[in-house]
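Read-outs throughout are calculated quantities, based only on the coordinates presented, and are distinct from any laboratory measurement. Please read all numbers here as calculations on a predicted model, not as lab measurements. All Cβ positions, even for glycine, are placed from backbone atoms using ideal geometry, and neighbour counts span all protein chains on display.
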Amino acid sequence: MNTEEPKAISLAGILPAGILAILTLFVFTTLRNFGPASTVRRFHLALEEGKVDELPQYWSGSLRSEGSVELLTFVANQMRMGSDYRIEQREQREGAVFVYVTYGRGRMRAPMLWVVERSTQDGKWRINADRTYFLLRSAFAR
């Protein structure tokens, strides 16, 4: 028969761990809406929800340029066909961040690279429609 009393759990150990857990969740939640991948994600959400007036905050240049119209049409068509989008990875090079997104359902996925650059005016990340469109056209020209 065990006659030892159960050890009391120390509040001094649990309290700092709890505070650290809450702080970590707060930081990750706060930073979720910053950065190049987040810009692409929020752009897709705005388009998906029909919030067209929000699109310029994620976009550099005119939404009426040839590249912009083609990109918006491409993504809107993907959504209309029931495709989902997944932000797979990101890579920084040539003064920009390339965000790799796939569209589709299940195993049938179409890849696309989105070029995201930091604005020199306000420091926010924005999709460079011209460079993204150039990459899209180059991929289909092969």
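Over all Cα atoms in segment 11-141, the spread is summed up by Rg and Dmax: 17.5, 65 Å. List the residues, sorted by chain then number, that are 5 or more residues from TRP59 or on another chain and whose placed amide H is less than 5 Å from its amide H. Amide H neighbours of TRP59: ILE127. Of the GluC sites (Glu not before Pro) found in segment 77-133, those in coil by DSSP whose Cβ has at most 14 other Cβ atoms within 10 Å are GLU94. Shown in residue order for segment 37-42 are the 3J(HN,Hα) couplings computed by the Karplus curve 6.51 cos²θ - 1.76 cosθ + 1.60 at θ = phi - 60°: 5, 5, 4, 5, 4, 5 Hz (x for Gly and Pro). Each residue of segment 82-87 is assigned a 3J(HN,Hα), and the resulting list reads x, 6, 9, 10, 10, 7 Hz, derived from the Karplus form 6.51 cos²θ - 1.76 cosθ + 1.60 (θ = phi - 60°), x at Gly and Pro. Phi-derived couplings, Karplus 6.51 cos²θ - 1.76 cosθ + 1.60 at θ = phi - 60°, listed residue by residue for segment 95-103: x, 9, 10, 9, 9, 8, 10, 10, 10 Hz, with x used for Gly and Pro. Could you work out the local net charge near PHE74, counting Lys and Arg as +1, Asp and Glu as -1, over the other residues with Cβ closer than 12 Å to its Cβ? Its environment carries a net charge of +1. For THR73, THR102, THR132, the sequence from fewest to most other C-beta atoms within 10 Å is THR73, THR102, THR132.
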